[in-house]
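Colleague: Next up is a structure, given as structure tokens.
No lab work stands behind these numbers, since they all come straight from the coordinates. From a predicted model like this one, the values you see are computed outputs, not experimental measurements. Counting neighbours? That spans all protein chains shown, and the Cβs are built from the backbone with ideal geometry, glycine included.
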Amino acid sequence: MSRPAAIIGLAAILAAGEALATEWMIPSWNGPYFGVSAGYAKSRAQFNSGDLASSGVTSSVSGPAVNGIGFGFNTGMNWQAGLLVYGVEGDWSRFRLRSDQPVSVSFPPFGTVAGGLGSEIDWAATLRARVGLAFGDVLLYATGGGALGRASGDLVLSGLGTPVYFSGSSLMAGWVGGGGIEALFFRHWSARAEILRLHMGSDPFSFASSTAPVTGSVDVTTVRAGVNYKF
């Protein structure tokens, strides 16, 4: 190979390497992505007493805070304008959150009656806006939007001789907010950590075994980690 040809070939290799390095050093957050996540979850459920009045229960009852795990998947789309990254994301999570506790409720004309309250969060889905600042391959973001989930509950009043039983499940709608940090670690791949707070309520919470229309609310906090693939 002649010296001019060698010089031209070397220049082409250097140019290609510089282009690849530039592309990697200035990463883009634009585009659709899909990911999975898992982490810690904490929830608390409450049933509102006023809606149990037709069955004689006049005390509100709430379950204890319960810890568990959640896991699921997410998908979304990002757009980038300089440091600003914004987009939309949807996710679905399955939870293992069940609480049971003894309760005492007012049940005229029997006075205060002992019983047990159980509640369980089955799953939740969210649709959220996401906005943040990208510092190279690290993105700091806030997120918020709507939430939808399914919860089930049961209230057993056992101090009456014959147990009085309320149970059922319902879809619950509400809101979600939170934030997190995400980092690109290999071209199409990123890792994230985030915290989300969900508040969901029902109107009514349908207890199939009772004619009493019961409303309720559920609060869920999740701290989770995940991995995304950007297309």
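Colleague: Give the calculated FRET efficiency between Ser104 and Val156 to the nearest 0.05, with a Förster radius of 22 Å applied to their Cβ-Cβ distance.
Modeller: 0.95
Colleague: Between Ala142 and Tyr229, what is 0.36 nm times their sequence separation minus the Cα-Cα distance? Round to one decimal in nm.
Modeller: 29.3 nm
Colleague: So if each residue of separation counts as 0.36 nm, and I subtract the Cα-Cα distance between Thr112 and Phe135, what length gain in nm does that give?
Modeller: 2.3 nm is the gain from fully extending Thr112 to Phe135.
Colleague: Net charge near Gly118: determine it from the other residues with C-beta under 9 Å of the C-beta of Gly118, scoring Lys and Arg +1 and Asp and Glu -1.
Modeller: -2
Colleague: Can you give the net charge of the other residues whose Cβ lies under 9 Å from the Cβ of Val176, counting K and R as +1 and D and E as -1?
Modeller: +2
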